[in-house]
């Protein structure tokens, strides 16, 4: 029993030393050291005290050289943090399309959404306005109508933030522009709330329903009136 306990302690110490070494190498962009440590495939997917893997760290830094060294040695492109975010989700946060391409090459799940708010990478990329990442994710099979915990879609997020290029792309690909989230709000209502005049105009041109009311009983024009967005009010009248 004592021998087994000592072996366990020794193993944990070894893992901790390995973790510290590879994360330090990634931070310092010491690629020869990364390659040396990545050869230890049994430990390459171990998380550090923050609950992240070496690949997650390299993706956070948008360091495709380090990422490639890790991936070709067996790093799991779908390993989530303790909070449920995967490396491909990071790309929707930092806009690194090259990192996203590399992860997809090694089998990243573009629809993984087992995080706090069930946010898929496409939803987050649309929210942040990264059209190159949005296009890549869709090409790789991202579900355009995937709903997060709030029942909103990528189009909902893009409309709220005013990313007209992404709004147009999603609608051209068949996104439902009358989708209703858990607050009873549509992309049109989202756009009105954010004062996104060009998005409102485009949605109306495409036939968005102006009569839908949110859970507070407000229509798109009433929200625009309350917020003082006179140009949007004129479009909706």
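For the reader, a short list of remarks on this structure follows.
- Any chance residue 115 is at pLDDT below 95, closer than 30 Å to residue 160 by Cα and surrounded by fewer than 19 Cβ atoms within 10 Å (Cβ to Cβ): yes
- Residue under evaluation residue 160, criteria (1) part of a loop (DSSP other than H, G, I, E, B); (2) modelled with pLDDT of 95 or more; (3) not assigned by TED's automatic domain parsing to the domain that holds residue 64, criterion not met: (1)
- Looking at 175, 148, 100, just one residue is at pLDDT 95 or above, under 28 Å from residue 82 (Cα atoms) and touching a helix residue (DSSP H, G or I) at 6+ places or on another chain (Cβ under 7 Å), and that residue is 100.
- Residues that are in a loop (DSSP other than H, G, I, E, B) and out of contact with any helix residue (DSSP H, G or I) (no Cβ under 8 Å at 6 or more places or on another chain) within region 179-214 comprise 180, 182, 183, 184, 207, 211, 213, listed in sequence order.
- Filter result for residue 194 (under 23 Å from the mean Cα position of the chain (by Cα), under 23 Å from residue 149 (Cα atoms) and outside the structural domain of residue 129 (by TED's automatic domain parsing)): yes
- Region 193-214 residues that are on the phi > 0 side of the Ramachandran plot and in contact (Cβ under 8 Å) with a residue 24 or more places away in the chain, paired with ones that are crowded, with 17+ Cβ neighbours inside 10 Å and part of a loop (DSSP other than H, G, I, E, B) (beta carbon under 9 Å, 6 or more apart): 195/162; 195/229; 207/177
The values are calculated or read from the model by the stated rules, or taken from the named source; none is laboratory data. As the structure is a prediction and not an experimental result, all values here were calculated from the model. Cβ: placed from backbone, ideal geometry, glycine included. Neighbour counts: every protein chain shown.
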